[in-house]
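In what follows, a single structure is set out as structure tokens and then discussed.
The values are calculated or read from the model by the stated rules, or taken from the named source; none is laboratory data. What you are looking at is a predicted structure, and each value in this text was computed from that prediction instead of being measured. Cβ sites come from the backbone with ideal geometry, for glycine too, and all protein chains shown count toward neighbours. Just the protein is used for accessible areas: all its heavy atoms, side chains included, with ligands, DNA and RNA removed. Shrake-Rupley method; radii C 1.70, N 1.55, O 1.52, S 1.80 Å.
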Amino acid sequence: MKLATLKDGSRDGRLVVVSRDLSRYQHVPKIAATMQHALDNWDLVAPRLEQIYAGLNSGEALDTQPFDQRCCHSPLPRAYQWADGSAYINHVELVRKARNAEVPASFYSDPLMYQGGSDSFIGPYDPVYALSEDWGIDLEAEVAVITGDVRMGASLDDCASAIRLVLLVNDVSLRNLIPNELAKGFGFFQSKAASAFSPVAVTPDELGEHWESCKVHLPLLVELNHKPFGKPNAGEDMTFNFAQLVAHAASTRELAAGTIIGSGTVSNKQGSLHGSSIENGGVGYCCLAEVRMYETIETGKPLTSYLQFGDTVRIEMHDAAGRSIFGAIEQTVTHYSER
């Protein structure tokens, strides 16, 4: 099943069911007005939403309308909780290697995770606003899941069963603000801008064989200024799967329905800077920081700049037939004064 939230002038938008090919949608106000309402009452409303979805795909549904991704908000325009992991240890290893530091052994058994701002997500086609390019604006292409209610200390099986929806995210980072924040020993805050999620969120069964062991085994496609930038496989080199990430978040607290858990930057192991880019036959990157890490490791300093005003980013994932699964995140970096 595929669900989306259309902008309607309200904070939480309007829930719609979207056809598998992303061509049509249907409003469902009598079932669930918002995504959060659907998640809060999932066992009751999911079967009814599935019936609408089946009708959309068979052509039998009435009162359908053309689906325009540009009219979407993030599936959850605001969430009770957004916790982002760092499940791809290759990304962490590069960060550490670039500054000649070892990766602590615990990082391979205990996931990294931070709690991000979730009160004002932005739509998949909304600009990435910033006040200064000096902040070091960077994209981070990731996969994420939305959970139902999760008990404190829930088992891995229970955490896997609690995953309601899968989606993509651009977790925007302000890299030049990170060092001073981390030096305070109190985590990210100013260095994490508002995140944007894919137009569509899908139930895990929609991914078929590509959803295995709570991982999405498909390439995550990233374009920078309309040129291929990354295509790493999200199922490869993922040290912690989504059940493990959810369990980590729920180890000391209950998680409310509508909690979003991110994978962290998707990153595959590659040989070197000169062999890792798409142009050189590699799978490329999901953030600019990784390019700069390779450059630092091999040349002694970073050469690639972070995002500048006017730069565009596109994040998408295709199925085996080349069809978009979640729709696309497509954003332009914009000075906040233009808002």
How many of the residues making up segment 3-33 are among the aliphatic types (A, V, I, L, M) and within 22 Å of the chain's Cα centre (by Cα)?
-> 8
When the residues of segment 52-83 are filtered to those that are part of a helix (DSSP H, G or I) and closer than 13 Å to VAL16 by Cα, which remaining residue is nearest to the chain's Cα centre (by Cα)?
-> GLN69
Candidates ARG70, ARG78 - the one that is within 28 Å of GLU140 (Cβ to Cβ), charged (D, E, K, R) and out of contact with any Ser or Thr (no Cβ under 7 Å at 6 or more places or on another chain) | ARG70
Total residues in segment 38-49, condition closer than 30 Å to VAL266 by Cα and more than 21 Å from the chain's Cα centre (by Cα) | 3
Those residues of segment 282-337 which are open to solvent by less than 60 Å² (accessible area, probe 1.4 Å) and among the acidic types (Asp, Glu) amount to GLU290, GLU295, ASP311, GLU316, ASP319, GLU330
Selection from segment 185-206 of residues that are open to solvent by 10 Å² or more (accessible area, probe 1.4 Å) and either touching a strand residue (DSSP E or B) at 6+ places or on another chain (Cβ under 8 Å) or on the phi > 0 side of the Ramachandran plot (or both) = GLY185, GLY187, PHE188, GLN190, LYS192, ALA193, ALA194, PRO204, ASP205, GLU206
Does segment 85-97 include one or more residues that are among the acidic types (Asp, Glu), part of a loop (DSSP other than H, G, I, E, B) and open to solvent by 30 Å² or more (accessible area, probe 1.4 Å)?
-> no
Identify all residues within segment 256-281 that are aliphatic (A, V, I, L, M) and crowded, with 24+ Cβ neighbours inside 10 Å; write none if there are none.
-> ILE260, ILE261, VAL266
VAL216 fails exactly one of (1) at pLDDT 95 or above; (2) open to solvent by 20 Å² or more (accessible area, probe 1.4 Å), namely (2)
Has segment 297-306 got any residue that is more than 18 Å from the chain's Cα centre (by Cα) and under 30 Å from ILE146 (Cα atoms)?
-> yes
Residues in segment 27-39 that are open to solvent by 30 Å² or more (accessible area, probe 1.4 Å) and in contact with a strand residue (DSSP E or B) (Cβ under 8 Å, 6 or more places away or on another chain): how many?
-> 5
Only one residue in ALA61, ALA79 is among the small types (Gly, Ala, Ser), over 30 Å from MET238 (Cβ atoms) and in contact (Cβ under 8 Å) with a residue 24 or more places away in the chain, so which one is that?
-> ALA61
Provide a single number: the residues in segment 1-15 that are part of a strand (DSSP E or B) and either of a type outside the set (Gly, Ala, Ser) or over 14 Å from LEU39 (Cα atoms) (or both).
-> 6
Those residues of segment 163-176 which are farther than 20 Å from GLY258 by Cβ and either among the acidic types (Asp, Glu) or open to solvent by less than 50 Å² (accessible area, probe 1.4 Å) (or both), in sequence order = VAL172, SER173, LEU174, ARG175
Look through ARG48, ARG20, ARG78 and report the one residue that is at pLDDT 95 or above, open to solvent by 30 Å² or more (accessible area, probe 1.4 Å), touching a strand residue (DSSP E or B) at 6+ places or on another chain (Cβ under 9 Å) and of a type in the set (D, E, K, R).
-> ARG20
